[in-house]
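J.: Input: one structure, supplied below.
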Amino acid sequence: MNKPVIFQKVGKTSIIPISAKLLLVFIIMMLLSNFSTNYINILLNQRQLVVLTNQLLIRDLKELYSNAGNQYEIYKFSNDLDECVKTMTSGAVKNFSYEHSMVWAVRPGAGILFSAAADGQQYQTFPDVEALAELLTARKEGVTEGSLHFKTEHGDNLAVYKYHEAWDCFFIRSELVQDMNAESARVFAVVSVIIVFLTAFFMVIGYIVFGRILRYVKQMINSLYEMQQSQNLGLLDLSGAPNDDITYLGASFNSLSSTINNLLSIFQRFTTRDVVEQAYKNHYVGLEGNQRNLTILFSDIRGFTYMTETLGNDIINLLNIHYERAIGKIHSEDGIIGSIIGDAILAVYGAVESSSNKSLQALRSAWEITKATAVLRETMIESRREIEASRTLTEAEERIFKAVLIDVGVGIDGGTVFYGNIGSNERMTTTVIGDNVNSASRLEGLTRVYHLPVIVSEYVKDDVLSVTDRYRFYEVDTVQVKGKTEGKKIFFPYDTNEKNEELENKWQIFESALQNYYSGDWAQSRSLMQGCGLELCGVFIERMKNSLPENWSGIWTMTSK
């Protein structure tokens, strides 16, 4: 079972779903909003808490100050200081609210009349000398009560004070700021936990909702990813999609995709497959080329001039029927059409990546083309039989019938050629240039001379035999074509899968006759060829009517292309 892919990749770049981005932004904004609101609320509450605490401290101070006045009267009567201090302390302690609540009775000389703390800590002197100096300064200026901030080992303290003339000391009621903020911090922590919990809950809800709303985005992304991986532009499946802007975006893509596919389809019909692939992958086709080792197939229709004169404009329809079959056979073997010139096709093998041998592919294509034309001829012959069953063909119909009996010759050669794009940046074409290209054309021309459907070069023979022994290559002749100074062996590729013993015996006889022909024993060669039965023997018999040329090398020089 395949594991689900959360983040697909294009190259090394991960594709992050837009729903995940939206959900992440939504969560961040929600958390920022909630925490900011909560924090501002805590700050406002703390300010209000300071005001309330200050009011409570003033209340407690008033009560302490009043109690201190009463105790002073008692002290004057009883002269029992300890008891009076104890009474004032116990009265103040009962109003403590926090862990570090304190009450002080500080003398101007920094001495302590008494002090009391909620945690039981005792002080011998006032801990903040600077704060005490502020009290003394204020007293000299006539200020005997007010608010005060001072420090202890526990931290900052908020306090209110009032000077008592009778006791000659400052009565101070204080609270540790940290104690006051502790409750706010606890509330903030509780609210934060609630926010996180609610955010997680709504994240799940948001994931489901966003997933539902954007489900067709995921579907479109998967389709686009598959197109990118396969390098094949297709259409998005919009069945059941809602009528929103995302669906409109998908519909617009499908419209653009259809337009591009139509243009690409037209483009493919007018240029070679490798150029189409380069344009699709690299988005660029330039004037460039290089030397490559390729196999070239050249196919031509025999008697084309007669066909054109007889059929007139209808020749186009006949050519299209032929090319529909021939081009299909070439493409099925990874060949590309280099050019179509009238009745001739130039095909190139090895220009695109393939696991098969390029010369073998060309040879298979050659035989498939000849078989396709044979089928077309048989169809025409069958049509003639049907007509002749009821009447005799007219002279015009006889001419037309003869014209539509397409027969082709195929020549194949290979080697190092220049293959690439030539022209200008405004108009360019893919071409293949080299001696082997011309040779393939001349080999096709020799099929008419020797009455054979396919003729190949020694290069093709060696290349095919390096990968398979299916084909047996019978040597046909050694010829020096026009424009060349050296002879070149040519071969007929016999398909052993056909298992035609009679034809094989004829070729064996021809092989013996050809060796006699090469050695100059034309009498013996002519005798063998006359009994061979192959149509090409007539070519050699005609040659050998004349006497053996002087300095005979076995090479026959062609006087025409």
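J.: Where does each of 534-540, 498-504, 463-469 land if you order them by average Cβ count within 10 Å, highest first?
T.: Going from most to least packed, we get 534-540, 463-469, 498-504.
J.: With a ≥ b ≥ c the root eigenvalues of the C-alpha gyration tensor of the stretch 435-559, is it rounded (a/c under 1.5), prolate (a/b larger than b/c) or oblate?
T.: Since a/c reaches 1.5 but b/c is at least a/b, the shape of the stretch 435-559 is classed as oblate.
J.: Going by accessible area, probe 1.4 Å, with all protein chains left in place, what is the ranking of Phe253, Phe201, Phe401, Phe126, largest first?
T.: Phe201, Phe253, Phe401, Phe126
J.: How do Leu52, Leu31, Leu135 rank by accessible surface area computed with a 1.4 Å probe, from largest to smallest?
T.: The ordering from most to least exposed comes out as Leu52, Leu31, Leu135.
J.: Pop a pseudo-label 7 angstrom from the Cα along the beta-carbon direction at both Ser90 and His149 and give the gap in nm to one decimal.
T.: Computed distance between label sites Ser90 and His149 equals 3.7 nm.
J.: At 1.4 Å probe size, what's the solvent-accessible area of Ile490? Round to the nearest 10 Å².
T.: About 0 Å², rounded to the nearest 10.
J.: Per-residue accessible area for Asp435 at 1.4 Å probe radius, Å² rounded to 10?
T.: Rounded to the nearest 10, that gives 80 Å².
J.: Largest first, what is the accessible-area ranking of His322, His451 with a 1.4 Å probe?
T.: Ranked list, largest accessible area first: His451, His322.
J.: Can I ask one more? Rounded to the nearest 0.05, what FRET efficiency do Asp119 and Phe26 have when you use their Cβ-Cβ distance and R0 = 45 Å?
T.: Step by step, r from the Cβ atoms, then E = 0.40.
J.: Let me ask something else. Multiplying the sequence separation of Glu324 and Asp407 by 0.36 nm and subtracting their Cα-Cα distance, what value in nm do you get?
T.: 28.4 nm
J.: As an exercise, use a Förster radius of 45 Å and the Cβ-Cβ distance of Trp552 and Val352 to find the FRET efficiency, rounded to the nearest 0.05.
T.: 0.50
J.: Given 0.36 nm per residue, what is the gain on full extension from Asn293 to Asn38 after removing their alpha carbon distance, in nm?
T.: Between Asn293 and Asn38, full extension yields 84.2 nm more.
J.: In the stretch 383-526, how many lysine pairs have Cα atoms under 28 Å apart, counting only pairs 8 or more places apart or on different chains?
T.: Value for the stretch 383-526: 9.
J.: Treating cross-link reach as a plain straight distance, find the aspartates and glutamates whose alpha-carbon is under 15 Å from the alpha-carbon of Lys140, omitting any fewer than eight places away in the same chain.
T.: Glu165, Asp168
J.: Using mean Cβ contacts within 10 Å as the protection proxy, how do 384-393, 368-377, 173-182 order, highest first?
T.: 173-182, 368-377, 384-393
J.: About the Cα centre of the stretch 366-480, how large is the charge dipole given +1 on each Lys and Arg Cβ and -1 on each Asp and Glu Cβ? Please answer in debye to the nearest 20.
T.: 240
J.: Shifting gears a bit: How long is the gain from Asn500 to Glu83 if the chain were fully straight, where each residue apart is worth 0.36 nm and the alpha carbon distance is subtracted?
T.: Contour length minus the Cα-Cα distance gives 136.1 nm.
J.: Given the protein chains as shown and a 1.4 Å probe, how many square angstrom of Ile74 are accessible, to the nearest 10?
T.: Per-residue accessible area (Ile74): approximately 80 Å².
The values are calculated or read from the model by the stated rules, or taken from the named source; none is laboratory data. These figures come from a predicted structure and were not determined experimentally. No Cβ is skipped: glycine too gets one built from the backbone with ideal geometry, and neighbour counts run over all protein chains shown. For the accessible areas, the whole protein counts, side chains as well, though only heavy atoms, and no ligand, DNA or RNA atoms are used. Shrake-Rupley method; radii C 1.70, N 1.55, O 1.52, S 1.80 Å.
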